[in-house]
Structures are given as structure tokens and as C-alpha cells.
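Take a look at this one; I'll ask things after.
Read the figures in this text as sums done on the coordinates, not as results from a lab. What you are looking at is a predicted structure, and each value in this text was computed from that prediction instead of being measured. Every residue, glycine as well, gets a Cβ built from its backbone with ideal geometry; the counts of neighbours run over all protein chains shown.
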Amino acid sequence: MTATSKTYTASKGLPKKTRSLCPECGKIIDADVVARDGKVYMDKECPEHGKFSDVYWSDVDLYLKAERFAYDGVGLHNPMDRTIEGNDDSVHIIIDGERIDMLSCTGLANIDLTNRCNMNCPICFANANDQGYVLEPTFEEVHEMLLVLRNEKPIKCTAVQFAGGEPTVHPRFVDIVRDVKELGFAQVQVATNGLEFRDYEFLKASREAGLNTIYLSFDGMTDDIYVRARNRKMFNVKLKVIENCRRLVEDGLKSPSIVLVPTVVMGLNNHQIGDMIKFAFDNSDIIRGVNFQPVAFTGRMTHEELTEGRFTLPDLVRSVEEQTGYTTKDDWYPVPVVAPISKFASVLLGQNKVTFTTHPHCGIATYLFQDDKGNVVPFPRFVDVERFSAGLNEMADKADKAMFKKLYAAKLVKLLNSCVDESRMPEGLTKKTFVDMISGVMSTKSKDKLAAFSWKMMLVAGMHFQDSYNYDIERVRRCGVHYVTPDLRVIPFCAYNSGPEFRNEVERKFAVPLAEWREKNKEEAKKLAAALIVPEDQKPDEE
């Protein structure tokens with residue numbers, strides 16, 4: 001039997017009840033998720049601090065569509081957790097005295113290599129330069145954190161992303177990347193502002209060590225946006241990173257893929273969403289996707305500030321349609337729509353594979369195909385996604401109980417053929433080629449087929465991380481992006497960075513005072529101080 005997904009246990013439809021947090025005191029309180037004026041709101045009331053209301057999703061239809069693809073995972077166990085008492089190693093967190101058990105496996109792990117940074121961005125939730133302490137695990141400590149992921153049960157993690165702070169300023173960054181690959185991870189990524197990758201030799205060393213993907217902070221196409229969000233001009237820095245990746249290819253090496261990661265702030269850069277997608281297509285030899293992240297609000301906010309600043313996933317969908325004409329809201333699907341694919345692969349291969357049973361309201365995405373003439377066709381225009389997803393899930397259940405599981409590979413091809421409309425495919429792509437690629441990816445370990453499949457596509461996605469105003473405990477339980485901490489705990493992303501903020505607890509526990517760190521690491525301190533001096537060509541223009 002595979003251990004990949006099970007029936008979704010949270011309530012569906014609107015209105016419905018859930019549990020949230022009071023933005024003032026952090027206590028768990030009941031919340032109502034309701035439809036109002038075509039939008040979905042979260043309404044809640046704290047006995048001490050009163051009523052709160054915030055837009056959860058700005059489109060009721062998209063919200064309800066996303067729920068149709070919900071699955072639960074089978075839980076997660078971490079036998080290396082140093083904080084557990086007794087034999088209970090199931091991954092969970094405690095919020096307001098209540099135990100919250102995790103239902104999804106670690107689809108992507110985050111490890112903060114440092115809280116130091118070579119920038120000082122006002123919109124960053126991990127702004128470390130003014131905190132007065134340094135948290136920077138050693139190579140040996142990071143190695144142990146990686147072992148946690150490889151020892152998770154029932155599904156070991158296969159993808160890790162280094163974050164911070166700015167992870168590339170860690171003095172052993174390249175060694176750590178090499179260690180990840182030696183431990184058998186399929187994907188090693190870094191979330192970065194790109195400053196260090198202007199150094200071609202550093203980028204080359206990182207790639208040769210095994211770096212697969214650069215999650216490049218990318219907030220817009222003009223420097224006025226970077227000045228407001230990052231306190232310095234940065235667009236040319238992004239261009240330099242892309243140029244250096246291209247240079248790797250010219251030198252006969254394989255380049256890391258780049259995923260652009262814009263933090264979207266209403267009124268700051270939401271008007272350039274379309275331009276960023278077009279930029280990605282113009283550089284599709286290096287850039288493989290754009291992952292938009294609407295800003296999460298921390299601290300106390302007025303209702304007016306929330307209303308003016310909130311940018312939800314349906315707002316992203318609407319902006320892409322209005323600014324590019326590439327998609328409509330029918331072309332977008334939540335993350336767990338792909339859960340049956342890995343479920344089927346797990347059955348066929350006889351191995352538990354990472355299955356994305358993320359909460360349906362955590363993220364939304366579409367794939368765009370572009371032909372040689374520049375025409376863009378969304379994946380769902382020529383594939384009946386809903387029929388394929390439902391059919392594959394049913395097929396996986398039947399195959400799991402069958403004696404001869406490999407017979408279902410032929411049934412997969414038949415299902416896929418019935419769900420593909422060749423007349424609506426982008427020019428240059430045939431039904432046979434497409435079906436061969438998809439069935440190959442799901443029934444074998446062929447990386448070549450996966451690469452061929454991805455080469456003509458651009459992933460456009462949105463991941464909306466929670467804050468205290470729209471916090472949903474059900475989302476936390478089904479989180480698929482987890483942090484690993486120095487005491488070898490596994491903590492969901494949104495719990496780590498918002499709401500109860502486990503980040504603060506971890507940093508207080510393991511950090512050292514800034515003055516003490518500077519005394520012990522004089523050369524690194526000098527390098528960081530120098531990096532924080534903004535070069536003339538990146539300084540804001542004088543008004």
C-alpha cells in the first residue's frame with residue numbers, strides 16, 4: 001500500500017467554520033469563512049480585542065474551485081527531533097496550548113543558513129541587520145538538519161531551499177550545496193537577492209557543487225520599485241545574474257534554472273505583473289518560472305491599511321489576465337491538483353513519492369506554452385485537467401490493489417489521450433509527443449523526458465503565505481513547505497514566520513549577540529559591512 005494521500009477531512013463549501021488567531025494576542029479563536037460581495041472573507045472575534053475581518057480570497061468561484069482538488073496527506077514523522085518526549089515522533093506544533101498535527105509531507109524544506117544579509121529591505125519578514133544577534137549554523141549543524149529531511153517518514157524529503165537572511169553570505173555555502181547532493185537530494189535551491197551571484201566564479205562553483213535552482217528575488221522591471229522595496233536600485237543586478245547563468249552555458253556547463261520571485265505589494269508593483277511574465281519568456285533559456293508571493297502583513301494594522309494593501313491569489317489571476325491576455329481564471333488550479341500524479345507514480349514504482357497534498361488555498365498556478373511565433377497557450381486549454389486528475393486518482397486506487405500494477409501504465413496513456421485536444425495545442429507540439437513526455441515522466445525516472453517537457457513551458461504561480469489576519473489552522477496542518485531548525489524540529493512555513501512566529505523562539509534559543517559574533521568572525525564581519533555600503537550605481541536618485 002502506498003502512503004500518499006487520503007480523504008480530505010476539513011469542511012468544504014461556504015459558509016464554513018475554521019480556527020484562526022487573534023492578531024493582537026495570538027490566541028486561537030473561532031473564525032467564519034463567508035462569501036460576501038463576490039469575495040471570500042474571514043470574520044473572527046476575540047473576546048478581549050474585538051472583531052476582525054479580512055479578505056481571504058477575492059473571488060468566490062476560484063475559492064470553491066480550488067477546494068474540489070483537496071487531499072490530505074498521511075502525516076509526517078521525524079525520528080531525529082531532539083525535543084520529543086517519549087516515542088511520539090509525529091510532526092506537530094503547539095499553538096496557544098493546542099497541539100496541531102501535520103498532515104502533509106515536506107514537499108520543499110527551508111533551511112536558514114544565516115540571518116545575516118547584505119541588504120536591508122523594509123518588506124522582509126527576516127530582516128536581521130537591526131536585531132542585534134546572529135544565527136548562523138555551522139556546516140556540521142546544517143548537515144544534521146539535512147539528515148532530518150532524509151530520515152523523514154513515510155516519505156523522505158527530496159528538495160531543499162536555503163534561505164535567510166541572505167544564504168549566499170554563509171562562508172561555507174558551496175560546501176553545503178555539495179553536501180546536499182551527496183546526501184541524495186534531487187533538488188537544491190537558494191532564495192537569494194542575487195548580489196553574490198554577480199561573481200561568476202562563485203556562481204560557477206555553486207553550480208558545480210550541485211545547485212539546481214536560483215529563486216531570485218525580482219520585484220519589478222524598473223528601479224523605482226526596488227528603491228521603495230529594497231532601498232537600492234537592483235534591476236541591473238538581476239540582469240547580471242541572468243547574464244552569468246548564460247555564460248555558464250557558453251562555457252559548456254549546465255546553468256541553474258532561475259525562478260523569479262516577486263513579492264507583490266498592492267500599489268507598489270502589482271501593475272508590472274504582466275511585464276515580469278513577458279520578461280521571463282524573453283529569457284526562457286534560463287528562467288523556468290515566476291512565483292509571485294503577495295506580501296504578508298506583520299504588526300498591527302488598521303482595517304483601512306489591510307483593505308488597501310491586501311493582494312490575494314485571485315487578484316494575481318485577474319492581473320495576469322488583464323496585463324497579458326494569456327489566461328482567464330479557468331486556466332488556474334491549486335497545488336494539490338497534481339497529487340494524483342505522484343500518487344500514481346508511487347503505486348507504479350512501488351516507492352512512496354513526495355505528494356503535494358498542500359491545502360488547496362495555499363497556492364495557485366498554471367503552465368504556459370509558447371510556440372516559435374510567440375503565441376502563448378495555457379496548459380488547461382488543451383488538457384482537461386479536472387478529468388485527468390480525477391481519472392488518475394481513481395486509477396491509482398485501483399492499481400494499488402492490483403497484482404500486476406505495471407499494466408496500468410498503458411491505461412495511463414489511454415486516459416491521457418482521451419483528455420488531450422490536439423486542435424488546441426500550441427503550434428509545434430503534437431499529441432503523441434506530449435503524451436509520450438507526460439507518461440514517461442509519471443512511469444519512469446527519466447530526467448531527460450522531464451527536461452524536454454519543461455523546456456517549452458513557463459510555470460506561473462502564486463503562493464500566499466499567511467499572516468495573523470487571515471491565519472487558518474487548517475492551512476497550517478496541510479502545509480507542504482517546512483523549516484528545519486537547529487534543534488532538528490520540522491515547522492510549517494507560516495507557523496515559522498507569522499502568527500505565533502516560531503522564528504523568534506528559534507533565533508532567541510540559538511543566536512549569539514552581534515558583538516560576540518563580530519569578535520569571533522572579524523573577516524566575515526568586514527565583508528558584510530562592506531556589502532551593506534550601497535554602490536553609487538545602486539543608490540536612489542537625489543530628488
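What lysines could a cross-link reach from Lys405, if we take a straight Cα to Cα line under 18 Å and drop same-chain neighbours fewer than 8 places away?
Result set, ordered by chain and number: Lys343, Lys353, Lys414, Lys445.
About the Cα centre of the range 242-334, what is the dipole size in debye to 20, counting +1 per Lys and Arg Cβ and -1 per Asp and Glu Cβ, all else neutral?
On the way: 9 positive and 14 negative charges, 57 e Å.
Charge dipole of the range 242-334: 280 debye, to the nearest 20.
Cross-link candidates for Lys527: which lysines have Cα within less than 20 Å, leaving aside residues fewer than 8 places away along the same chain?
Candidates past the 8-residue exclusion: Lys539.
May I pose another question? Among Ser342, Ala209, Asn375, which residue has its Cα positioned farthest towards the positive end of the charge dipole of the chain, with +1 placed on the Cβ of Lys and Arg, -1 on the Cβ of Asp and Glu, and the dipole taken about the Cα centre?
Final value for the positive-end residue is Ser342.
While we're on this one: Report, in whole Å, the centroid distance computed from the Cα atoms of the range 349-411 and the range 50-97.
23 Å
Okay, moving on. What dipole magnitude, in Debye to the nearest 20, does the range 332-389 give about its Cα centre under +1 on Lys/Arg Cβ and -1 on Asp/Glu Cβ? Don't skip to the answer; put the middle values down first.
Details: 5 positive and 4 negative charges, 32 e Å.
Roughly 160 debye for the range 332-389.
Can I ask one more? At 0.36 nm per residue, minus the direct Cα-Cα distance, what do Glu321 and Phe139 gain on full extension? Give it in nm, one decimal, please.
Details: separation 182, 0.36 × 182 = 65.52 nm, distance 4.51 nm.
Gain on extension, Glu321 to Phe139, equals 61.0 nm.
Right, here's the next one. With n ≥ 4 as the cut-off for DSSP H runs, can you work out [θ] at 222 nm for the chain, using -39500 (n - 2.57) per run divided by the number of residues, rounded to the nearest 500? Write down the numbers at each step before the final one.
Details: 20 runs with 195 residues, N = 543.
Calculated mean residue ellipticity at 222 nm is -10500 deg cm²/dmol.
Rounded to a whole number, what is D in µm²/s for the range 216-271 from Stokes-Einstein with the Kirkwood radius over alpha-carbon pairs (25 °C, 0.890 mPa s)?
199 µm²/s
Take the eigenvalues of the Cα gyration tensor for the range 455-543, scale each by 5, and report the square roots as semi-axes in whole Å, largest first.
Working: eigenvalues 204, 123, 44 Å².
They are 32, 25, 15 Å, listed largest first.
Here's something else I'd like to know. Pairs of lysines 8 or more apart, or on different chains, with alpha carbons under 25 Å: count those in the range 1-154, would you?
24
Lys/Arg Cβ at +1, Asp/Glu Cβ at -1, dipole of the chain taken about the Cα centre: which of Ile29, Val320, Leu76 is farthest positive-ward?
Checked the options; the winner is Leu76.
Which of Met102, Met42, Met403 comes first, and how do the rest follow, when ranked by fewest Cβ neighbours within 10 Å?
Values: Met102 25, Met42 20, Met403 5.
By the 10 Å Cβ count, ascending, the order reads Met403, Met42, Met102.
Can you bin the range 112-209 into rounded, prolate or oblate? Criterion: square roots of the alpha carbon gyration tensor eigenvalues sorted a ≥ b ≥ c, rounded for a/c under 1.5, prolate for a/b above b/c, oblate for the rest.
Numbers: a/c = 2.01, a/b = 1.37, b/c = 1.48.
Verdict is oblate for the range 112-209.
Could you list Arg232, Arg99 so that the one with the fewest beta carbons within 10 Å of its beta carbon is first and the one with the most is last?
Working: Arg232 20, Arg99 9.
Fewest-to-most Cβ neighbours within 10 Å comes out as Arg99, Arg232.
Turning to a different aspect of this structure: On the principal axes of its Cα set, how long, how wide and how thick is the range 4-125? Give whole Å, largest value first.
So the extents along the principal axes, rounded to whole Å, are 47, 43, 32.
Further, regarding this structure: Let me know the shape class of the chain, please: from the alpha-carbon gyration tensor, a ≥ b ≥ c as square roots of the eigenvalues, rounded when a/c is under 1.5, otherwise prolate if a/b is greater than b/c, or oblate.
On the way: a/c = 1.28, a/b = 1.16, b/c = 1.10.
Cα axes put the chain in the rounded bin.
Let me ask something else about it. In debye to the nearest 20, how big a dipole does the chain give about its Cα centre with +1 on each Lys and Arg Cβ and -1 on each Asp and Glu Cβ? Mind dumping the intermediate values first?
Working: 70 positive and 79 negative charges, 409 e Å.
Taking the Cα centre of the chain as origin, the dipole is about 1960 debye.
Of His464, His143, how do they rank once you tally other Cβ atoms within 10 Å and put the fewest first? Before the final figure, lay out the partial values.
Details: His464 26, His143 16.
The order, fewest Cβ neighbours first, is His143, His464.
So what is the relative contact order of the chain, in percent, for Cα pairs below 8 Å that sit 6 or more residues apart?
Details: 1086 pairs, mean separation 107.0, N = 543.
With pairs under 8 Å counted, the relative contact order is 20 percent.
Mind running the shape call on the range 219-327? Use the C-alpha gyration tensor, a ≥ b ≥ c as the square roots of the eigenvalues: rounded below 1.5 for a/c, prolate if a/b tops b/c, oblate otherwise. Could the numbers behind the result be given before it?
Working: a/c = 2.56, a/b = 1.77, b/c = 1.45.
Since a/c reaches 1.5 and a/b is larger than b/c, the shape of the range 219-327 is classed as prolate.
Another question, then. Counting only residues 5 or more places away or on other chains, whose amide H sits under 5 Å from the amide H of Gln161 once H atoms are built in the peptide plane?
Ala109, Asn110, Ile111, Gln189
Return a whole-number percent for the relative contact order of the range 456-543, with Cα pairs under 8 Å and 6 or more residues apart as the contact set.
Details: 44 pairs, mean separation 15.5, N = 88.
Across the range 456-543, relative contact order equals 18 percent.
What lysines could a cross-link reach from Lys278, if we take a straight Cα to Cα line under 16 Å and drop same-chain neighbours fewer than 8 places away?
Lys238, Lys373, Lys456
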